[in-house]
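The values are calculated or read from the model by the stated rules, or taken from the named source; none is laboratory data. Note that the coordinates shown come from a computational prediction; the quantities given were computed from them, not determined experimentally. No Cβ is skipped: glycine too gets one built from the backbone with ideal geometry, and neighbour counts run over all protein chains shown.
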Amino acid sequence: MVNAEFDGTYAGWRAAARAMLYANVPPDQIAWGAQSDPQPSLLAISTQASLKLPSLADAQSAESEDSIRVSEDRRADPPLSVPKEFLRLAECISCFRDSARWTLLYSVLWRITHGERSLLGIVVDREVHRMYAMESAIRRDEHKMKAFVRFRRVGSDDEADARYVAWFTPAHFILDRVAPFFARRFASMCWSILTPDGSLHWNREELAKGPALKRSDAPAGDELETLWRTYYASVFNPARLKLRAMRSEMPKKYWAGLPEAGLIPSLVADAPRRVREMGVKDETQINVLRPAQ
Amino acid sequence: MGGKKGLGSTDGIGICHSYTPDGRCVSLLKVLLTNYCVYDCSYCVNRRSSTVRRARFSVDEVIRITLDFYRRNYIEGLFLSSGIIQSSDYTMEHLVRVAKTLRVEHGFQGYIHLKTIPEASQELIDEAGRWADRLSINVELPTQKALDDLAPEKQLVTIRRSMNRIAERISESREEGAASKKRDAPDRSKPPVFARAGQSTQMIIGADASTDATILNTATSLYKQQRLRRVYYSAFSPIPSSSEILPPIAPPLLREHRLYQADWLVRFYGFEAHELTTPNSPNLDLAIDPKLSWALAHRESFPVDLNRAPKSDLLRIPGLGVRNVRRILSIRRLHRIRLDDLVTLKLNVKRALPFVITADHNPHVFALDALALRDRISPRDAQIDLFGVRRSAVSGEL
């Protein structure tokens, strides 16, 4: 058994995997040991340059094939050729919150470089299928973070001095992947997003990464939430209850962070009465459409 | 323009920032400037003769709420509509002013959808398209006859004329955009794009006697002639103090769902609208989806060999969505498709099985001819999976 120690980042894994491949170590002979899962550094960084993980960008070429670069001391070894799609997937999956990801990645890498070049095209292969499932879990997590982050305003009434702070708990290590979205969208605001994995801070110019923080570090409320809740309650149509559909898109684990979610039980409880008031004569039809609660 | 001055972005896919217990996505701040209205459309809660309480926002109020909500990440942008007050032009002017002020004075780059009043002047509609991402004019009902009965002030010819105008301006600005990109390095941040997210419309389902065949026919012509991005079908919901001439029943959600499925079949699966209904049964089958319904009526076209058939045939197999068709086409170049693979791809195997041939499966020739086939593969009772409604409306997988 070989211990492959690395720093827990994608770049670190890539270097370690390259060394293992050159040493011809098969997947079942390696114990992958990430020293720590990726922690953000305290360093202030600017958005443009540093947010991209240093992997794909430096490896990109016009062709669909890519060589994993040979590190300084291994210049003599022949370059390894791996489909670009593998690198793209691997970079994404490196954010998956499960240490088994490194073993899976190496196993697929091994197969690709040992006779199964087109492996990724066979999405029904057990390992490939697992990789794509992990990728979609990460994309869903990113999407839900973009959707469900709720900023709360602190400080001055003057927009120029206001600061917006949010708390969020991502399922995977996606902070670096979503940061450019928030920097672009909320460019003219000062904002912070605090998570248990690290924090992001934007001062209208630059993005800085900070340490992991606690929920209690974020503000507890915002005056405007009353208006938002009023809006939320008024767009709900009590004649169409579809709780399962709602929960599949907005699972309960997110509710604590959503100021409007506290209204859900009372909106649901009050729906039959409101429908009666609307003058629906044939109420049985409404009941048929209501999923079990 | 430096992004750091602006607020907002649109990345092509709208984000649902919340969901209400009716399963619907909350993406835009969807408001009326006012619910005063000089029109008297029977299906509308705000019609002139309704006793509903009236209110009106100022232009500045709408702008402030939009920005306040956007900064807290509650919304993707604004969907602004209005009852008609004073005149069509007067109302349209106010809608345009909201959009223009957001863009020009506040550097707002979030999404703006303006409901467009078909009777407004062309200059105003043109200006609306300069500031809005999307314009929409509601056809409301599929025929002039239905409009005459329920929305006497609305004229189909006026609606179509304004839609045509918008369609023309959209295609002009696309051509200009393409030409200016070639000429020199364009100012990428502000291309002169007219309603870059296109135009859409809405039809109300179940308020009049129109059949699904009529509705789908109208929708198809809107997609083809006015090149609409989307036609939305909206089951008529009972409304407080609704008009006496309307049916006081639960909204026909299932019918709405079937229409969305049919709409997807036409746009993404290569079906023609007229294939989905027949003169004898002009309405879609409520018990089974329109794709399965078509397959059962055309059993001679099956079984289809997943390892050999062209894409157009794969798309017609019940239980097989666009994404899985794409995957199968890619996998089968490297590997013969077997039954296990269908399970891995999570397609609806029970539904697809009688209609497909795989490397290890050939449906019993009598299975396809069996009269009981419909019962065997369709849902057990009328408790249709309404959960699937939204999912399929979003993913289009049937």
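The rows are residues; the columns are (1) outside any helix (DSSP H, G or I); (2) at pLDDT below 95; (3) more than 14 Å from every other protein chain (Cβ to nearest Cβ).
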| site | (1), (2), (3) |
| --- | --- |
| A:Thr103 | no, no, yes |
| A:Ile112 | no, no, no |
| A:Ile138 | no, no, yes |
| A:Asp157 | yes, yes, no |
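Does B:Glu153 qualify as being outside any helix (DSSP H, G or I) and either at pLDDT below 95 or surrounded by 14 or more Cβ atoms within 10 Å (Cβ to Cβ) (or both)? Talk me through it step by step, then tell me what you get.
On the way: outside any helix (DSSP H, G or I): yes; either at pLDDT below 95 or surrounded by 14 or more Cβ atoms within 10 Å (Cβ to Cβ) (or both): yes.
So B:Glu153 fits the description; yes.
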Taking into account only those residues within the stretch A:225-266 that are among the charged types (D, E, K, R), under 17 Å from B:Leu28 (Cα atoms) and not in a loop (DSSP other than H, G, I, E, B), which is nearest to the other protein chains (Cβ to nearest Cβ)? A:Glu249
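In the list B:Leu80, B:Leu28, which residue meets the criterion of being buried (at least 19 other Cβ atoms within 10 Å of the Cβ), more than 7 Å from chain A (Cβ to nearest Cβ) and touching a Gly at 6+ places or on another chain (Cβ under 6 Å)? Working first, answer last.
Working: B:Leu80 fails: touching a Gly at 6+ places or on another chain (Cβ under 6 Å).
Residue meeting the stated conditions: B:Leu28.
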Do we find that B:Leu334 is without any contact (Cβ under 8 Å) to a residue 12 or more places away in the chain, within 14 Å of another protein chain (Cβ to nearest Cβ) and hydrophobic (A, V, I, L, M, F, W, C) in this structure? yes
Out of the residues in the stretch B:31-50 that are within 13 Å of chain A (Cβ to nearest Cβ) and in a loop (DSSP other than H, G, I, E, B), state the one that is nearest to A:Pro259 (Cα to Cα). B:Asn35
Has the stretch A:174-188 got any residue that is exposed (fewer than 15 other Cβ atoms within 10 Å of the Cβ) and either under 20 Å from B:Gln109 (Cα atoms) or in contact (Cβ under 8 Å) with a residue 40 or more places away in the chain (or both)? yes
Inspect the stretch B:15-24 for any residue being over 27 Å from B:Val104 (Cα atoms), more than 7 Å from every other protein chain (Cβ to nearest Cβ) and within 19 Å of the chain's Cα centre (by Cα) and give the result as yes or no. yes
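Filter the stretch A:196-214 down to residues that are of a type in the set (Asp, Glu) and over 20 Å from A:His172 (Cα atoms) and give me whichever is farthest from the other protein chains (Cβ to nearest Cβ).
Initially, the stretch A:196-214 is screened for residues of a type in the set (Asp, Glu), giving A:197, A:205-206.
Remaining after also requiring over 20 Å from A:His172 (Cα atoms): A:205-206.
Numbers: A:Glu205: 7, A:Glu206: 10 Å.
Among residues in the stretch A:196-214 that are of a type in the set (Asp, Glu) and over 20 Å from A:His172 (Cα atoms), the one farthest from the other protein chains (Cβ to nearest Cβ) is A:Glu206.
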Considering only the stretch B:341-398, state which residues are exposed (fewer than 13 other Cβ atoms within 10 Å of the Cβ), modelled with pLDDT under 50 and under 24 Å from A:Ala133 (Cα atoms). B:Val394
Expected single match for at pLDDT 95 or above and out of contact with any helix residue (DSSP H, G or I) (no Cβ under 8 Å at 6 or more places or on another chain) among B:Tyr111, B:Tyr74, B:Tyr39 is B:Tyr111
Taking the criterion of being exposed (fewer than 12 other Cβ atoms within 10 Å of the Cβ), modelled with pLDDT of 95 or more and over 29 Å from A:Leu243 (Cβ atoms), would at least one residue in the stretch B:319-329 satisfy it? no
Single condition A:Gly257 does not satisfy, out of (1) of a type in the set (Gly, Ala, Ser); (2) closer than 22 Å to A:Arg140 by Cβ; (3) without any contact (Cβ under 8 Å) to a residue 40 or more places away in the chain; (4) surrounded by fewer than 17 Cβ atoms within 10 Å (Cβ to Cβ): (3)
For A:Val123, all conditions in the list (1) aliphatic (A, V, I, L, M); (2) at pLDDT 95 or above; (3) assigned to a loop (DSSP other than H, G, I, E, B) hold save one; what is the number of the exception? (2)
